[in-house]
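Trainee: I'd like to ask you about the structure that follows.
The values are calculated or read from the model by the stated rules, or taken from the named source; none is laboratory data. Just so it is clear, the structure is predicted and the values come from calculations on it, not from any experiment. Cβ: placed from backbone, ideal geometry, glycine included. Neighbour counts: every protein chain shown. Only protein heavy atoms, including side chains, enter the accessible area calculation; ligands, DNA and RNA are left aside. Shrake-Rupley method; radii C 1.70, N 1.55, O 1.52, S 1.80 Å.
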Amino acid sequence: MTVGEALRAAADHLSATSDSARLDAELLMAHALDCSRSDMLLRHQRDPAPVGFEALVDRRARHEPIAYITGEQEFYGRCFAVRPGVLIPRGDSETLVRAALESCSSLRRVLDLGTGSGALLLTLLSERPAAAGVGIDASSRAIETATENARALDLANDWRFERRSWLDHGWQDDLGRFDLVVCNPPYVEADALLDADVHDYEPGEALFAGPEGLDDYRVLIPKLPELLAENGVAIFEIGHQQAESVAQIASEAGFSSELRRDLAGRPRALILRPKP
Ligand code: GLN
């Protein structure tokens, strides 16, 4: 079978489980051939299909996310390593990057709470080479992955990843103060019905946050006064129906909220600033 034929067969096979079957097949084929997708499409269509491609397609047919099969995910134009146990960076979270770059003219110190693959923090550091960054996460797999990603980007910035859980007493002590705190916390309601791709494969501790999906905001937002430098801002990702509830939690902690929407027009982030 040629690459072209194998792609058609795979897209057909995957159409039962994925709404991006052809794209999925192309990404897996490029991975199997260890080349870019465009190279694969332009130069290798008539080559023999690589051994092992079908096994990758079978994994995808069982709903395993492409990013875990290939071990990487693109975010804001850069490639990040991901592995099981670490949340896959989503396009929606680029809303936080855009909000941060627009709202913070001078960025010296950035803290990323629940950094996962490090995609948010490392993107900001790449965009602002003078900034220093700290990322914390309760998961040691996340810390390993974020560290690997920082090394791969070969950043000139000062950066550090630390294993810390905000469920531990005093977790915020001695972190220091930051111009910007970014955070994509878990915010899915405990009984939400997620796609099998997410539910069966991605880490629940990065997704679920109690009955209303608000548990982590309730822990984190009240600690911001200890983490923000003067004129510092915090930017939180939110579920699209959570803007009012999170703004309420922020208001009670002394912060005003400014809403940012994602590319689909849905509420996706809140910029929190201390009320005057
Ligand atoms: N937007 C993600 C999802 O629905 C949730 C991410 C999160 O809880 N931080 O898959």
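Trainee: Considering only residues of the stretch 236-246 that are within 14 Å of the chain's Cα centre (by Cα) and outside any loop (DSSP other than H, G, I, E, B), which is farthest from Pro267 (Cα to Cα)?
Mentor: Phe236
Trainee: Quick one: which helices (runs of 4 or more DSSP H) sit completely within the stretch 90-160 and have at least 3 residues that are open to solvent by less than 10 Å² (accessible area, probe 1.4 Å), within 28 Å of Asp215 (Cα to Cα) and touching a helix residue (DSSP H, G or I) at 6+ places or on another chain (Cβ under 9 Å)?
Mentor: Those helices (runs of 4 or more DSSP H) span 94-103, 119-127.
Trainee: Next question, about the same structure. Starting from the stretch 74-93, keep only residues that are farther than 9 Å from Thr123 by Cβ, then list their pairs with residues that are open to solvent by 60 Å² or more (accessible area, probe 1.4 Å) and not in a loop (DSSP other than H, G, I, E, B) whose Cβ atoms are within a distance under 6 Å, requiring at least 6 positions of separation or different chains.
Mentor: Cys79/Glu72; Ala81/Glu72; Ala81/Glu148; Gly85/Arg141; Val86/Arg141
Trainee: If you scan the stretch 194-217, which residues turn out to be of a type in the set (D, E, K, R) and in contact with a Pro (Cβ under 9 Å, 6 or more places away or on another chain)?
Mentor: Within the stretch 194-217, the subset of a type in the set (D, E, K, R) is 195, 197, 200, 202, 205, 212, 215-216.
Listed by number, the residues that qualify are Asp197, Glu202, Glu205, Asp215, Asp216.
Trainee: Can you pull out the residues in the stretch 179-191 that are surrounded by 13 or more Cβ atoms within 10 Å (Cβ to Cβ) and more than 14 Å from Ile221 (Cα to Cα)?
Mentor: Residues satisfying the conditions are Asp179, Val188, Glu189, Ala190.
Trainee: Which of the residues spanning the stretch 195-213 are surrounded by fewer than 21 Cβ atoms within 10 Å (Cβ to Cβ), at pLDDT 95 or above and outside any helix (DSSP H, G or I)?
Mentor: Across the stretch 195-213, the qualifying residues are Asp200, Tyr201, Pro203, Leu207, Phe208, Gly210, Pro211, Glu212.
Trainee: Give me the residue from the stretch 214-236 that is open to solvent by 50 Å² or more (accessible area, probe 1.4 Å) and among the charged types (D, E, K, R) and, out of that set, nearest to the ligand (Cβ to nearest atom).
Mentor: The qualifying residue nearest to the ligand (Cβ to nearest atom) is Asp215.
Trainee: Follow-up. Can you name every residue in the stretch 166-196 that is near the ligand (Cβ under 9 Å from one of its atoms) and out of contact with any helix residue (DSSP H, G or I) (no Cβ under 8 Å at 6 or more places or on another chain)?
Mentor: Val188, Ala192, Leu194, Asp195
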